[in-house]
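Notes for the one structure printed next.
Read the figures in this text as sums done on the coordinates, not as results from a lab. Keep in mind the model is a prediction, meaning the values are calculated, not measured. Using ideal geometry, Cβ is built from the backbone for each residue, glycine included, and neighbour counts are taken over all protein chains shown.
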Amino acid sequence: MKRIIGTEEAIKRWDAFADTYSKTHTEQGDLHKEVLLNPTLFSLMGNVENTIVLDAGCGEGYLSRILSEFGASVTALDYSPRMIEIAKERTPEDLLIDYKQGNCENLNTIEDKSFDLIVSNMVIQDLANEEKAFQEMYRLLVDGGSFIFSILHPCFVTPECGWEKTDSGEKLHWNVDNYFYEGAYEQDLGDKEKMILFHRTLTSYINTIIQTGFVLESIVEPKPSIEMLKKYPSFEEDFRCADFIVFKLKK
Ligand SMILES: C[S@@+](CC[C@H](N)C(=O)[O-])C[C@H]1O[C@@H](n2cnc3c(N)ncnc32)[C@H](O)[C@@H]1O
């Protein structure tokens, strides 16, 4: 579990997985994003019209496209060249999104205080050096700017977790183990792809936020709305424990 791969290998894995990953994404992202993450992110962001936004780890770019349609001026950044290629292919000509290839842990080609808002959706748990990335996000924000990020909920999604089921497959409860392990672990994402994620405790995240200088403004553990439950009844189980946690920080 402790094996750590380098950035080159991590980029290769995301490149190889990019096409499969993108097939699960519509213009609202995948189902978990449509039901849980998007409503939370948009309520935390508020009105983005005329704001200068960085989508850090944009993937195939659905969130950048929505933000651009809402009137934000968007820079979309990812370290996987294939992800950026797909995001560009999916972007209509009238949306002026500035795509950049780059690593969230070192964005020294971008000037200080370039953005009003930085959003990073399901990326931070991919980073080997999240402290460096937080410092970069802090540097890139204007004074008073916001950094909003979502991650797998570290208290429930640990290197050893999953449903305890009866022999007939009925879900009894969600098991959690190895919460205090901090470091890399592999997770199956596609049929054959294994991705490297980094687990950290909630304490580590919050201490990193404080040490970077951010003010913690809000935390949300997303639950499905009544409307979303009507559309996707299987999300009822998301009332049992939280898959995600979303932070809003202020510089
Ligand atoms: C789970 S996907 C999320 C993509 C997108 N934010 C979304 O919500 O659909 C994680 C993305 O982060 C990118 N990524 C991971 N680590 C990165 C890093 N250090 N710098 C830039 N991009 C990174 C990956 O290439 C991948 O596209």
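Can you name every residue in region 93-136 that is assigned to a helix (DSSP H, G or I) and farther than 18 Å from ILE11 by Cβ?
Within region 93-136, GLU131, PHE134, GLN135 meet the criteria.
Can you give me the ranges of the strands (runs of 3 or more DSSP E) entirely in region 145-236 with at least 2 residues that are over 19 Å from the mean Cα position of the chain (by Cα)?
Hits in region 145-236: 160-165, 171-177.
Just the residues that are closer than 22 Å to LEU31 by Cα, within 14 Å of the ligand (Cβ to nearest atom) and of a type in the set (S, T, N, Q), please, taken from region 121-171.
Passing the criteria: ASN121, GLN125, SER150.
May I ask you to verify whether ALA87 is within 11 Å of the ligand (Cβ to nearest atom), more than 20 Å from VAL142 (Cβ to Cβ) and either β-branched (Val, Ile, Thr) or crowded, with 19+ Cβ neighbours inside 10 Å (or both)?
yes
Out of ILE97, ILE118, I need the residue that is within 13 Å of the ligand (Cβ to nearest atom), among the hydrophobic types (A, V, I, L, M, F, W, C) and either within 27 Å of GLU221 (Cβ to Cβ) or surrounded by 15 or more Cβ atoms within 10 Å (Cβ to Cβ) (or both). Which one?
One residue alone meets the criteria, ILE118.
Would you point out the residue of region 43-62, among those that are surrounded by fewer than 23 Cβ atoms within 10 Å (Cβ to Cβ) and on the phi > 0 side of the Ramachandran plot, that is farthest from the ligand (Cβ to nearest atom)?
By that ranking, first place goes to ASN50.
Anything in region 1-42 that is more than 10 Å from the ligand (Cβ to nearest atom) and closer than 19 Å to ILE151 by Cβ? List them, or say none.
Within region 1-42, MET1, ILE4, LEU31, GLU34, VAL35, LEU36, PRO39, THR40, PHE42 qualify.
Quick one: in region 63-84, which of the residues that are crowded, with 21+ Cβ neighbours inside 10 Å and charged (D, E, K, R) is farthest from the ligand (Cβ to nearest atom)?
If we take residues in region 63-84 being crowded, with 21+ Cβ neighbours inside 10 Å and charged (D, E, K, R), then ARG65 is farthest from the ligand (Cβ to nearest atom).
Considering region 150-207 alone, what residues qualify as being touching a strand residue (DSSP E or B) at 6+ places or on another chain (Cβ under 9 Å) and among the basic types (Lys, Arg)?
Selection gives LYS165, LYS171, LYS194, ARG200.
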